1. Within the range 137-163, which residues are in contact (Cβ under 8 Å) with a residue 60 or more places away in the chain, surrounded by fewer than 13 Cβ atoms within 10 Å (Cβ to Cβ) and out of contact with any Lys or Arg (no Cβ under 8 Å at 6 or more places or on another chain)?
2. Scan (1) open to solvent by less than 70 Å² (accessible area, probe 1.4 Å); (2) modelled with pLDDT of 95 or more; (3) of a type outside the set (Phe, Trp, Tyr) for the single condition residue 10 breaks and write down its number.
3. I'd like the residue in the range 93-116 that is of a type in the set (D, E, K, R) and loosely packed, with under 14 Cβ neighbours inside 10 Å and, out of all such residues, is nearest to residue 67 (Cα to Cα).
4. Against the conditions (1) under 30 Å from residue 72 (Cα atoms); (2) touching a helix residue (DSSP H, G or I) at 6+ places or on another chain (Cβ under 7 Å), where does residue 145 fall short? Just the number, please.
5. Determine the pairs where a residue that is open to solvent by less than 70 Å² (accessible area, probe 1.4 Å), located within the range 168-179, has a partner that is not in a loop (DSSP other than H, G, I, E, B) with Cβ atoms under 6 Å apart, the partner being 6 or more residues away or on another chain.
6. Here is a list of conditions, (1) β-branched (Val, Ile, Thr); (2) open to solvent by 60 Å² or more (accessible area, probe 1.4 Å); (3) farther than 27 Å from residue 155 by Cβ, and residue 134 meets all of them except one; can you say which number that is?
Amino acid sequence: MKKLSIFLLGFVATGYMSFASEITADMFTVPANTGANMTVGVNATKFDQFQGGQIGAFFDLDGDGTLECVGLESIQTGFFGLALWGDDSSTDEKDGLGSGEVPQFALLHDGNVILVDEIPQFTGYVTNGIVNITDATLDGGSGCTDQSACNALSMYSDVSYSDDGSCSFPSSGYDCDGVCLADADADGVCDEFEVVGCQDN
């Protein structure tokens, strides 16, 4: 039983993390109004810092391995609602969630994509249903987490990040744009690298 539990935990974690590499900022597009939907109420204070950004719901509708947006809403402070669009059964092409299907939620703020593991966990799409998200575990993905680095991630509170060892730092005497930190005579040569020559005019 212990081995089975460990396997299931690893499977769920792997499945969750696979979404991180699949959801990108350009995927936050307005989904089609299929005429069938349900409402997800969002009332989690940790989302307040993302006001003005967007929350989206994503699902692989056609089974091609690419996620499509099935719900999109601007983030507001306090309570707001997100419509999840269901499949229009009158068309041959699947254009929304089917009964019981569970999308991956994600946030987009200032170009940063953050995965949402909602609490309570969403159990599946139901036409005309209403559910609420009252808390969430947020995952900002991996990258450089050293804020003194030139390529540091934009980091938010209550969001977990993992450092991938990709940090890059400026050369000594320069900033991240290659500009001297100190250049008293404005000659483009940093003060510490100036070569002193003859000073007798």
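1. Once the filter is applied, which keeps residues that are in contact (Cβ under 8 Å) with a residue 60 or more places away in the chain, surrounded by fewer than 13 Cβ atoms within 10 Å (Cβ to Cβ) and out of contact with any Lys or Arg (no Cβ under 8 Å at 6 or more places or on another chain), the range 137-163 yields nothing.
2. Going through (1) open to solvent by less than 70 Å² (accessible area, probe 1.4 Å); (2) modelled with pLDDT of 95 or more; (3) of a type outside the set (Phe, Trp, Tyr) one by one, residue 10 breaks only (2).
3. In this case the residue turns out to be 93.
4. Single failed check for residue 145: (2).
5. Final answer for the pair search is 173/192.
6. Every listed condition holds for residue 134 apart from (3).
The values are calculated or read from the model by the stated rules, or taken from the named source; none is laboratory data. Remember, predicted model here, so these are calculated numbers, not experimental data. No Cβ is skipped: glycine too gets one built from the backbone with ideal geometry, and neighbour counts run over all protein chains shown. Side chains included, ligands, DNA and RNA excluded: accessible areas come from the protein's heavy atoms. Shrake-Rupley method; radii C 1.70, N 1.55, O 1.52, S 1.80 Å.
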